[in-house]
């Protein structure tokens, strides 16, 4: 099924270019081809980690991660991501929540960004750690990083500058994807990891290449707004397919 690695490559490229991992769309693509829903979050979260690790390292080297605030937001959400991964869920419920999450995530990408010049954060910005907690639970439950929901909230409240928000989102996705995997393995057994990873090496290679190209090159050729619109269109399409069956 040659189109699946291509879909993972394009997803990693587009999501990495705006600071995300792409776990939501990986999950949708796997669900659409009938992949075992119990193993699906493990593959999606692993792909997330592959994509955002490189982004996080680059952000750290450039000194743009606001470490204290970024770690607070991420570490508050991480235990909830573990609990989400630990939560039993039926296939129909899983696919419904995943589809709804994708549509919401796509719409969130279309929300207007606050102008960079507006330096003063909104009063709601100080409560982002509380908002991050349920996002962590959702991340672990359906195998997404949660950053695609967090980033619009950070932009709307002018929590930080755009580059710092992208860096925070990458760290958030990395930590919560790892916590989600631990929860999934605790629920289904550690042997599930080998079962999930069997045969998906082409997908992992695709996201490595796509993630590197996305974070290094994509923004040099396409405006961020265009990339966000394309990503939103793909995300909403995939979510709608799941919801409509």
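Inspect the stretch 157-175 for any residue being under 20 Å from the mean Cα position of the chain (by Cα), over 20 Å from residue 59 (Cβ atoms), touching a residue at least 12 places away in the same chain (Cβ under 8 Å) and in a helix (DSSP H, G or I) and give the result as yes or no.
No.
Being farther than 20 Å from residue 138 by Cα and either part of a loop (DSSP other than H, G, I, E, B) or without any contact (Cβ under 8 Å) to a residue 24 or more places away in the chain (or both) narrows it down to one residue among 88, 112; which is it?
Values: 88 fails: farther than 20 Å from residue 138 by Cα.
Going through 88, 112 in turn, the sole match is 112.
Could you check how many residues of the stretch 66-77 are surrounded by fewer than 22 Cβ atoms within 10 Å (Cβ to Cβ) and either in contact (Cβ under 8 Å) with a residue 12 or more places away in the chain or under 16 Å from the mean Cα position of the chain (by Cα) (or both)? Write out each step before concluding.
Taking the stretch 66-77 and keeping what is surrounded by fewer than 22 Cβ atoms within 10 Å (Cβ to Cβ), we get 66-69, 71-72, 75-76.
Filter once more, so that each one left must be either in contact (Cβ under 8 Å) with a residue 12 or more places away in the chain or under 16 Å from the mean Cα position of the chain (by Cα) (or both): 66, 69, 71-72, 75-76.
Qualifying residue count, the stretch 66-77: 6.
Among the residues of the stretch 179-196, count how many are part of a loop (DSSP other than H, G, I, E, B) and under 22 Å from the mean Cα position of the chain (by Cα). Can you show your working first?
Going residue by residue through the stretch 179-196, those that are part of a loop (DSSP other than H, G, I, E, B) are 189-190.
With the extra rule that they be under 22 Å from the mean Cα position of the chain (by Cα), the set shrinks to none.
Total satisfying the criteria: 0.
Would you point out the residue of the stretch 37-79, among those that are touching a helix residue (DSSP H, G or I) at 6+ places or on another chain (Cβ under 8 Å) and not in a helix (DSSP H, G or I), that is nearest to residue 235 (Cα to Cα)?
Looking at residues that are touching a helix residue (DSSP H, G or I) at 6+ places or on another chain (Cβ under 8 Å) and not in a helix (DSSP H, G or I), I get 37.
From the list 20, 9, which one is in a loop (DSSP other than H, G, I, E, B) and out of contact with any strand residue (DSSP E or B) (no Cβ under 9 Å at 6 or more places or on another chain)? Steps first, answer last, please.
Working: 9 fails: in a loop (DSSP other than H, G, I, E, B).
Within the list 20, 9, the selection yields 20.
Just to be sure before I move on: is residue 44 over 23 Å from residue 204 (Cα atoms), crowded, with 21+ Cβ neighbours inside 10 Å and under 15 Å from the mean Cα position of the chain (by Cα) in the structure I sent? First the steps, then the outcome.
Numbers: over 23 Å from residue 204 (Cα atoms): no; crowded, with 21+ Cβ neighbours inside 10 Å: yes; under 15 Å from the mean Cα position of the chain (by Cα): yes.
The answer is no for residue 44.
What do you reckon, is residue 239 surrounded by 14 or more Cβ atoms within 10 Å (Cβ to Cβ), modelled with pLDDT of 85 or more, part of a helix (DSSP H, G or I) and touching a helix residue (DSSP H, G or I) at 6+ places or on another chain (Cβ under 7 Å)? Spell out how you get there, then give the answer.
Values: surrounded by 14 or more Cβ atoms within 10 Å (Cβ to Cβ): yes; modelled with pLDDT of 85 or more: no; part of a helix (DSSP H, G or I): yes; touching a helix residue (DSSP H, G or I) at 6+ places or on another chain (Cβ under 7 Å): yes.
No, not satisfied.
Does the stretch 26-57 hold any residues that are closer than 22 Å to residue 162 by Cβ and touching a residue at least 12 places away in the same chain (Cβ under 8 Å), and which are they? Let's see the steps before the verdict.
Going residue by residue through the stretch 26-57, those that are closer than 22 Å to residue 162 by Cβ are 48, 51-57.
Answer for the stretch 26-57, where residues must be closer than 22 Å to residue 162 by Cβ and touching a residue at least 12 places away in the same chain (Cβ under 8 Å): 48, 51, 52, 53, 54, 55, 56.
Where residues in the stretch 113-132 are modelled with pLDDT of 70 or more and in contact with a helix residue (DSSP H, G or I) (Cβ under 9 Å, 6 or more places away or on another chain), which of them is surrounded by the most Cβ atoms within 10 Å (Cβ to Cβ)? Talk me through it step by step, then tell me what you get.
Residues of the stretch 113-132 that are modelled with pLDDT of 70 or more, as a first pass: 120-132.
Right, trim to in contact with a helix residue (DSSP H, G or I) (Cβ under 9 Å, 6 or more places away or on another chain) and you get 122, 124-125, 128-132.
Numbers: 122: 13, 124: 13, 125: 17, 128: 21, 129: 14, 130: 10, 131: 18, 132: 27.
Out of the qualifying residues, it is 132.
Condition first: in a helix (DSSP H, G or I) and farther than 14 Å from residue 14 by Cβ. Can you find one or more residues in the stretch 206-217 that meet it? Reasoning before the result, please.
As a first pass, look at the stretch 206-217 and keep what is in a helix (DSSP H, G or I): 206-217.
Then drop every residue that is not farther than 14 Å from residue 14 by Cβ, which leaves 208.
Yes, because at least one residue in the stretch 206-217 is in a helix (DSSP H, G or I) and farther than 14 Å from residue 14 by Cβ.
The values are calculated or read from the model by the stated rules, or taken from the named source; none is laboratory data. What you see is a predicted model, and the numbers here were worked out from it, not measured in a lab. Methodologically, a virtual Cβ is constructed for each residue, glycine included, from the backbone with ideal geometry; neighbour enumeration extends over all protein chains shown.
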